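Worksheet for the structure shown next.
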Amino acid sequence: MIQAIVPLARRLAPRALMIAIVLFVLVFSALQPAFLKPENLIGIVRQVSLVGIMAVCMTFVIMTGGIDLSVGPVLAMAGLVAVFALDAGQALPVSLAAGISIGVLIGLTNGFLVGVFGLPPIIVTLAMLSVVRGSALIVGGPDLHAIRGHYSYTFIGTGSLVGLPMPICLFAVVATAAAFLQFATPLGVRVAAIGDNERAAYLSGQRVWRTKLAIYALSSFGASVAGIILTSQVHTAAATYGEFGTELDVIASVVLGGTSLSGGRGSVVRTVLGVLFLGVMNSGMAILNVPIDGQLIAKGLLIALALAAAELQ
Amino acid sequence: MASSSQAFEAATSLIEARGLTKVYGDLVALDNVDFCLRRGEVRALLGSNGAGKSTLIKILTGAVAPSAGGIWLEGKPMPLGRPEETIRRGVACIYQHSNLAPAMTVLDNIFLGRQPTNWFGLLDRKRQRREAVALLSHYGIELDLDATVGELSTVKQKEVEIAKALAINAKVLLMDEPTGWLAASDVRRLHETIRQLKSRGVGIVYISHMLDEISGICDTMTIMRDGCVIAEADVAAMARSELVRLMVGERLARESGSASAVKRRPRGDGTIRLSVRDYSRNGVFRDVSFDLYAGEIFCLTGLIGSKRTELLRSLFGAEPHDGGRVELDGRPIRPRSPAAAMAAGFGLAPEDRHRDGLMLNLSVTENLVMTILGRFVRGILLMHGAIEASSARSIAALGIHPPDGSRPVRLLSGGNQQKVLVGKWLNLGPRVLALDEPTVGVDVGAKAEIYAILRAERDRGVAVLIVSSDLEEVMTIADRIGVMASGRLTATHDATDVSMGQLVAEIGAAE
Amino acid sequence: MRVSIGSLTLVAFFLSVLAFFSAFAPNFATAANMENLMSGFSFVAIVAIGQTFPILLRGIDLSVGATLALAGMTAFDLSLIAGWPGYLVLPAALVVATLAGLVNGLLIVFLRLQPFIATLATLAAYRGLVYSISGRQLVPSLSTTPITDPWIAGLETYYDLGSWLGVSSLVRLPWFPLSFFIMLAVLLLVWALLSATKFGRNVYAIGGNAEAARLAGISIARTVVLSYGLCGLCAGLSALLLVARLTTATEALGVGTELTAIAAAVIGGVSLSGGVGSVFGPVVGAFLLGAVLLGLTQLGISQYVQQILTGLILLMAVASDRVAFVRRRKRFAASLGEGA
């Protein structure tokens, strides 16, 4: 019996996440038919769009065995800068550019410290988390800043396009762009090479520092976009957004998608699946009225399982 | 009569190993080896690189567990693959690579893991120092017990390793190339120590290429090749020529390069491709000067520890250097990174294909194009079609099996992995192609194929620089041969002018 | 005991920081401020001492903040909900914290997870666990009830050494908190452990050259698991001191402590590359950070700027650790003799 299961499991493994998502959707909708309603399903995806955008952008960093703990404060900072630019009378594109640029700048700093100075990513992004949060608090203070008017800006978070909420559309765009980067440009191969064997990549003539610069900038880019969407959704900007735990959700999605934290194979597509899975689990547990700590424990267990499975492969 | 000699055997037998086998994937490092050692016996372990000597030692010390076979120490079975057990039972080893904690003191390293404690469980520092001082003076080793090991010279570090092994007061002492860096006086002292231990009944295994030393200190010898023991004899009973014959194989011992049917082209087409002058790196290699011609294969050989790999790495920009000039096609080059060296036309296939050469979880195609990725980029797009075509061409030309570009490299056999490694560097189309131990861990069939590939490159005008410790390989493929010892280039020969025996002598010559 | 140039520089730097703030910040060089420094940062120093073990082993423990919260909430629940007496609550909380650390060690050794991954996972897991066992959620009315058990509250005691030594007429000495003395005791114990026991030497050996340690017969698994357990124990001890000071425990206890503890350790010269550093460094590092933060507060520098500076200080510490590592590697180049 076991002889039959192991090869079966091995063949199913790459599809495991898809199967799990379908399975859980079926289970939840059996327990609670309202789960399958289109509003609910769309709601699920909208809930995870922000984490999803950050997760697909952080996938490359994690594929190289690195990590970016600073995404939360970057999210806050980007939203703050964009909104302040708007309030200062700048046009929409300029304000968006300002918010995104500040994020990319932070990402380039991370990439520089990690790629050129060779400092460990965990510590660099941990320190930058503090630096950026403090900076955001200086720029915006601890208060909330309401967004008045600026309907083109708030459309980003609250509007719809072709019947789908904007956040979902933006998630789709960013995910597609990230997938494009991974599969249609050399970046994907370079990142996979560094993640599999950084030393061999260096000795094969790869300019590892350049790639690292790019991927940390990309990770912060994702956080900036998420920040703009968030502020637009809640019509408020605050330096305290992206509080502790945001980066964990992002990392968890990537890990659930099957990308190993110790670097190597990974894919934007799998991260998207991981994000959707997280969304299904969150929604399912909410609909079933599972208490908060039960949810946390379930999530923790799932992540632990995914981690162990990824490492043992 | 039989029983008393059996009793004698039992009384004096120290180590008995039967059927030791070690397989790494599809590579058989050790093939059903039996090994015995008696009290007070000094056994030389001989064989060329890859013969299995280091693997045997690692199994005897428990560093590695064998795939099959067993070991008995003084008649009692030994647990396998457990270093703490073998040390407890009295087997000490001086390994080839450094086994010291560089940030700790000499005293700490000598007693690593075995510090004496008082009855509180605390370290008995005074006793530790007393024992260390006594040990060092007894064996005539001079060391500053409070020096930081990492800051000592290589020679002194070797002495710390020796002291560390002696401190175990072992019944069996294994030494893997112990004298590589030692000066003549130190070697004499080490041999005195060995004689002392021998008279106390300690069994000693001595791996070395230095045939002169072996005749001086060893009683018996075991000769290995390709993972098997091919001969055992008393040292006194065997002539030097017979010894060389056994170590490197019948055919090659008698031949020199000229007798071989393969055409040699020393100095290729006559143009100097790479010129190296007074190339130095402090503490590693010194004043290395040689010319490499277009269209020739130049083999750099020597013992482990002669720093040939370091030389290649510095030339390739992967490691720094402190002096000297390098010119490629007449232009001076000073690459600061592998990428820069590659841009100048220099490629290096590293020694350790798992650690430095290949991305094991990536596909064959991805590995093959890793060095030339930039050539397949149009704008920002990667040209997948062109990459597949290039990969298919390489796979066919190199005979990589199975011919599937999408297969992860780790699923290939060792020989095929090596072909992917070589292929990736051929794809670069370098003017100078350097290879560090190009056929290590590769089966005979793949070896021949790789030699053919390298000769084809040479015939196309590429300057090929090979570092190899395998004398059989050197004699097979080299047009010219260089000998390096302790970081210096000591001799250069045309392959046709030198015999295997001469090479062995030059390599093993004391400084 | 060999004192390296690095540690002298550290102490000199610490003293100059004290001098700087004494000169420029009002109320810095006062007894009250010194009390703040000691009571506010002794517990950080204890966490930093605990963090020394994983870092010496070339690893890291990101979960110390969460472990701290776990131990604190355990104390809260046992004391206020279960009504246990203090002399049982204290050891129980310490046991919980040690177990949390041991789990980290086991994950690293047996699942072969990299330390930062394992402790990142436990960071999330333990924090989640804190929420689920939180007495404040289970019995909301207790969230305003202070813990008054004498054993626990007694940890927050101050000693007027000035009058005890009879010098209070000459100089106004600060009142020394018990946490400071506990910290000193832990410091001495750990120092003895690291320098005078086989276990301690093994930690340095594994961090310096794990393969050499293995070949010398040292049990890497046992040493690693125990080390992470000790790290957890220190976090637990800190939790008790903190809970005593706050007279309660919250779910957000210890957030950000891992950053400060790691910063203190790296500033204190414990190298992230393993095998280098002593336990005095992290303590100096913790008080250095504390002095800087308190001094900045008194200079009127906002909390936010302080946050930025903490991050920058950590970056500088890591950068200088990296420089020291590269220099060490150059000096040790010959010892890593590989290749032909």
With criteria (1) under 24 Å from residue C:207 (Cβ atoms); (2) β-branched (Val, Ile, Thr); (3) touching a residue at least 24 places away in the same chain (Cβ under 8 Å); (4) within 12 Å of chain A (Cβ to nearest Cβ), residue C:130 comes up short on (1)
Out of C:208, C:277, which single residue is in contact (Cβ under 8 Å) with a residue 40 or more places away in the chain and on the phi > 0 side of the Ramachandran plot?
C:277
Selected residue [free of Cβ contacts under 8 Å to residues at least 40 places away in the same chain and touching a helix residue (DSSP H, G or I) at 6+ places or on another chain (Cβ under 9 Å)] from A:241, A:202
A:202
Has segment C:162-178 got any residue that is within 23 Å of the chain's Cα centre (by Cα), more than 11 Å from every other protein chain (Cβ to nearest Cβ) and part of a helix (DSSP H, G or I)?
yes
When you check residue C:94 against the structure, is it assigned to a helix (DSSP H, G or I), crowded, with 17+ Cβ neighbours inside 10 Å, more than 14 Å from chain A (Cβ to nearest Cβ) and out of contact with any strand residue (DSSP E or B) (no Cβ under 9 Å at 6 or more places or on another chain), yes or no?
yes
Checking residue C:277 against (1) farther than 27 Å from residue C:200 by Cβ; (2) in contact with a Gly (Cβ under 7 Å, 6 or more places away or on another chain); (3) within 14 Å of chain B (Cβ to nearest Cβ): exactly one of these is not met. Which one?
(1)
Would you point out which residue out of B:347, B:317, B:330 is buried (at least 20 other Cβ atoms within 10 Å of the Cβ) and over 20 Å from residue B:283 (Cα atoms)?
B:347
Condition set of a type in the set (Gly, Ala, Ser) and touching a Cys at 6+ places or on another chain (Cβ under 9 Å), scope segment A:188-225, selection farthest from the other protein chains (Cβ to nearest Cβ): answer is A:222
Failed condition for residue C:202, given (1) at the interface with another protein chain (Cβ under 9 Å from one of its Cβ atoms); (2) among the polar types (S, T, N, Q); (3) surrounded by fewer than 23 Cβ atoms within 10 Å (Cβ to Cβ), with all others met?
(3)
Report yes if some residue within segment B:361-369 is free of Cβ contacts under 8 Å to residues at least 12 places away in the same chain, assigned to a loop (DSSP other than H, G, I, E, B) and facing another protein chain (nearest Cβ under 10 Å); otherwise report no.
no
Selection within segment A:105-124 - surrounded by fewer than 20 Cβ atoms within 10 Å (Cβ to Cβ) and in a helix (DSSP H, G or I):
A:105, A:108, A:112
Please verify whether residue B:309 is within 14 Å of chain C (Cβ to nearest Cβ), in contact with a Gly (Cβ under 6 Å, 6 or more places away or on another chain), among the β-branched types (Val, Ile, Thr) and touching a residue at least 40 places away in the same chain (Cβ under 8 Å), treating the condition exactly as stated.
yes
For segment B:317-344, give me each residue that is among the polar types (S, T, N, Q) and not in a loop (DSSP other than H, G, I, E, B).
none
From the list A:236, A:231, A:185, which one is in contact with a strand residue (DSSP E or B) (Cβ under 6 Å, 6 or more places away or on another chain), at the interface with chain B (Cβ under 9 Å from one of its Cβ atoms) and among the hydroxyl-bearing types (Ser, Thr, Tyr)?
A:185
Number of the exception - residue C:305 against (1) of a type in the set (Val, Ile, Thr); (2) in contact with a Gly (Cβ under 7 Å, 6 or more places away or on another chain); (3) crowded, with 21+ Cβ neighbours inside 10 Å:
(3)
Determine whether segment B:158-175 contains at least one residue that is farther than 24 Å from residue B:15 by Cβ, in contact (Cβ under 8 Å) with a residue 24 or more places away in the chain and either away from every other protein chain (no Cβ under 14 Å) or touching a helix residue (DSSP H, G or I) at 6+ places or on another chain (Cβ under 8 Å) (or both).
yes
Among the listed residues B:152, B:143, B:122, identify the single one that is out of contact with any Gly (no Cβ under 6 Å at 6 or more places or on another chain) and at the interface with another protein chain (Cβ under 7 Å from one of its Cβ atoms).
B:122
With (1) modelled with pLDDT under 90; (2) surrounded by fewer than 23 Cβ atoms within 10 Å (Cβ to Cβ) as the list, and residue A:269 as the residue in question, which single condition is left unmet?
(1)
In segment B:464-474, is there at least one residue being touching a strand residue (DSSP E or B) at 6+ places or on another chain (Cβ under 6 Å) and within 13 Å of chain A (Cβ to nearest Cβ)?
no
Kindly establish whether residue C:106 is under 17 Å from the mean Cα position of the chain (by Cα), surrounded by fewer than 24 Cβ atoms within 10 Å (Cβ to Cβ) and either within 22 Å of residue C:142 (Cα to Cα) or within 13 Å of chain A (Cβ to nearest Cβ) (or both).
no
Number of the exception - residue B:466 against (1) under 19 Å from the mean Cα position of the chain (by Cα); (2) farther than 26 Å from residue B:24 by Cβ
(2)
Looking at B:314, B:280, B:289, can you tell me which residue is among the polar types (S, T, N, Q), at pLDDT 90 or above and in a helix (DSSP H, G or I)?
B:314
Which strands (runs of 3 or more DSSP E) sit wholly inside segment B:394-511 and have at least 1 residues that are within 30 Å of residue A:189 (Cα to Cα) and either at pLDDT below 90 or outside the structural domain of residue B:275 (by TED's automatic domain parsing) (or both)?
B:432-436
Within segment A:125-230, considering only helices (runs of 4 or more DSSP H) that don't extend past its boundaries, which have at least 2 residues that are farther than 28 Å from residue C:116 by Cα?
A:151-158, A:166-184
Of all residues in segment C:211-252 being part of a loop (DSSP other than H, G, I, E, B) and touching a residue at least 60 places away in the same chain (Cβ under 8 Å), the one that is farthest from the other protein chains (Cβ to nearest Cβ)
C:247
What pairs can you find where one residue is in segment B:326-341 and over 26 Å from residue A:200 (Cα atoms), the other is surrounded by 15 or more Cβ atoms within 10 Å (Cβ to Cβ) and among the acidic types (Asp, Glu), and their Cβ atoms are less than 9 Å apart, with a gap of 6+ or different chains?
none
So, first residue within 13 Å of chain C (Cβ to nearest Cβ) and surrounded by fewer than 24 Cβ atoms within 10 Å (Cβ to Cβ) in segment B:429-442, second residue modelled with pLDDT of 95 or more and outside any loop (DSSP other than H, G, I, E, B), Cβ within less than 6 Å, six or more apart or across chains; the pairs are none
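The values are calculated or read from the model by the stated rules, or taken from the named source; none is laboratory data. The structure displayed is predicted, hence computed values, not measured ones. For neighbour counting, all protein chains shown are included, and Cβ atoms are generated from backbone atoms with ideal geometry for every residue, glycine included.
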